[in-house]
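I have placed the structure first, in the form of structure tokens, so that the comments after it can refer back to it.
Every read-out reported here was derived from the displayed coordinates using simple, explicitly stated rules and does not represent laboratory data. Model, not experiment: these values are computed from the prediction. Cβ placement follows ideal geometry from the backbone for every residue including glycine, while neighbour counts extend to all protein chains displayed.
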Amino acid sequence: MSVQDKEKWNRKYTEKPTLLERRPPSPMLVSHLHLIDGNCALDIACGSGRHTRFLAENGFCVDAVDISSVALEQLSKTLNNNSVTLIEADLDNYTPHEGRYDLAVMTNYLDRPLIGRTAQSLKSGAHFFIETYMAHPQNEKKDSNPDFLLNAGELKTFFGQNFTVIAYEEFWNEAYELYKMRKQSIMIKKK
Ligand SMILES: C[S@@+](CC[C@H](N)C(=O)[O-])C[C@H]1O[C@@H](n2cnc3c(N)ncnc32)[C@H](O)[C@@H]1O
């Protein structure tokens with residue numbers, strides 16, 4: 001496990017506890033949930049678990065992966081059923097179980113090689129929802145690492161003929177976030 005990433009995120013969550021507050025799930029995920037066939041989900045870099053909790057409340061079993069023990073501990077306190085498996089792991093070296101999931105979610109986190117590994121973890125007919133920040137001249141946070149920002153239209157370029165784009169959007173982020181930032185989201189389906 002990358003000790004530095006773990007320490008960095010544990011410090012962030014400890015110093016800014018507002019990051020651990022309950023937040024609503026992404027509207028695109030909510031509006032497409034009825035399309036998901038099956039109930040086995042993966043939440044990548046789940047943080048304090050806005051999507052893990054939402055999916056568990058809607059009948060999914062969720063494998064929730066994050067490097068931060070602080071975030072996972074907070075999430076465990078808010079769960080009231082045992083359909084969630086919390087996994088403390090470094091996603092840089094994590095390969096989700098092949099062909100296991102009906103839905104994978106990766107939000108506010110960008111690891112381009114992991115997108116390919118996660119696509120392998122989807123069953124045929126499964127969905128993959130990705131939503132994260134993109135580069136934009138009007139982003140308020142000017143010191144973001146450009147490696148962790150999407151380019152315009154980039155999410156559509158990751159998936160070949162074996163996938164169908166169900167929805168795609170670029171938009172300004174939610175008001176509760178610390179900085180105004182442009183975001184991009186995609187819901188795709190594996191054939
Ligand atoms: C901005 S939060 C996103 C939380 C959640 N997905 C959401 O949308 O609300 C990013 C998360 O990525 C986790 N993270 C960062 N680097 C990681 C790594 N190498 N392996 C696993 N998790 C990591 C952090 O601990 C943090 O919880």
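Quick look at the values:
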{"quantity": "Segment T18-E73, length gained on full extension (0.36 nm per residue, minus Cα span)", "calculated": "18.3 nm"}
{"quantity": "The chain - charge dipole about Cα centre, Lys and Arg +1 at Cβ, Asp and Glu -1, debye rounded to 20", "calculated": "260"}
{"quantity": "Under 14 Å from K190, Cα to Cα: aspartates and glutamates that are on another chain or at least 8 residues apart", "calculated": "D37, E98, D102"}
{"quantity": "Under 18 Å from the Cα of K156 - aspartates and glutamates, other chains or at least 8 residues apart", "calculated": "D111, E131, D147, E169, E170"}
{"quantity": "At most 13 other Cβ within 10 Å, DSSP loop - GluC sites (Glu not before Pro), region 104-170", "calculated": "E140"}
{"quantity": "Coil-residue trypsin sites (Lys or Arg not before Pro) of region 1-105, DSSP, other Cβ within 10 Å capped at 14", "calculated": "R22"}
{"quantity": "Those GluC sites (Glu not before Pro) in region 42-104 that DSSP places in a loop and that have at most 11 other beta carbons within 10 Å", "calculated": "E98"}
{"quantity": "Inverse mean reciprocal Cα-Cα distance (Kirkwood Rh) of the chain, Å", "calculated": "16.9"}
{"quantity": "Bins of 10 Å, starting at 0 and running to the largest distance - Cα pair percent for region 42-115", "calculated": "20, 57, 22, 0"}
{"quantity": "Set K12/K123; K6/K77; K123/K183 screened for pairs whose C-alpha atoms are more than 25 Å apart", "calculated": "K12/K123; K123/K183"}
{"quantity": "For N108, residues with placed amide H under 5 Å, excluding near neighbours", "calculated": "E131, T132, Y133"}
{"quantity": "Cα-based Rg of region 1-102 normalised by 2.2 N^0.38 Å, two decimals", "calculated": "1.07"}
{"quantity": "Burial ordering of D102, D37, D63, D43, fewest other beta-carbon atoms within 10 Å first", "calculated": "D37, D102, D63, D43"}
{"quantity": "The chain - share of DSSP beta bridges that are antiparallel (%, nearest 5)", "calculated": "45"}
